[in-house]
1. ARG87: net charge of surrounding residues, Cβ under 12 Å, Lys/Arg +1, Asp/Glu -1, itself excluded?
2. How charged is the neighbourhood of THR114? Take every other residue with its Cβ under 12 Å from the Cβ of THR114, and add Lys/Arg as +1 and Asp/Glu as -1.
3. Need the full-extension length gain, LEU52 to ARG83, defined as separation in residues times 0.36 nm minus the C-alpha distance. One decimal, nm.
4. If I model a spin label at ARG148 and VAL118 as a point 7 Å from the Cα along the Cα→Cβ vector, what separation in nanometres do I get?
5. If a paramagnetic tag sat 7 Å from the Cα of ALA107 along the Cα-Cβ line, which residues of segment 139-176 would have the backbone N under 20 Å from that point?
6. How much net charge surrounds VAL53 when only the other residues with a Cβ under 12 Å from the Cβ of VAL53 are counted, with Lys and Arg +1 and Asp and Glu -1?
7. Distances over 21 Å make up what percent of all Cα-Cα pairs in the chain?
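Here, each number is a calculation from the coordinates, and none is a lab measurement. Keep in mind the model is a prediction, meaning the values are calculated, not measured. Neighbour counts are summed over all protein chains in view; Cβ atoms, including those assigned to glycine, are modelled from backbone coordinates with ideal geometry.
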Amino acid sequence: MTRRTPGHPAEQPALLRAQQFADPFTRRLLTHRGSTTALLEHHLGAPLALRLVAQRVRRTGMEAAHLLGLLGLRADEPWLVRRTELRHHAHAAVSRNLVMGPVPRRADLCTILTSDTVPLGRALAEHHLPQRRRLLRVGLSPWRPLARTAAWRGYVVHVDDELPFYVEELFHPAIAPARLRPAPHPEPAAAAAS
């Protein structure tokens, strides 16, 4: 269960960035504090399947250096690096995901984070693990092999009695359009009095 807590001040730049997206569902997806899997399944009206792309445990290295201070970790922690996709019944990728963080001490959370069949959000909900999510980053990246831009977000998940982990999600542009709102035009200068 995700705790509904007021936004952390560090979230404000990412929340403001998310509001620049033109599509209402994309904005909702980028700022959602609960299970991304559940929100996508509701939006698509179909269950999603997990595809494990890659998973390894290693000592933290350069790929995690920018996260260590954010997560309050030392550089010598055993570090999980996991790439997955959420796939729709037609076997198309809906999102591409990266999870990085220390290997959990609790066996139940370790099983959830390393599952090759159950998406992370669904598993956390099924196990009723209290959690908090803090949005850190929102941006645009290419969706390959399409020559299209996709919206993504990065956030930290805190599960009680565990070290936090980082999640990054890149969303298929047909599901979460990545078009930004036009920049506001500056107000015309008031006519000078003659």
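1. Residues near ARG87 contribute 0 overall.
2. Once all neighbours under 12 Å are counted, the net charge is 0.
3. Result: 10.5 nm gained on full extension.
4. Each label point lies 7 Å from its Cα, and together they span 3.2 nm.
5. Residues 160-163 qualify, since their backbone N sits under 20 Å from the label point.
6. Surrounding charge for VAL53 is +4.
7. Looking at the chain, the distances longer than 21 Å represent 54 percent of pairs.
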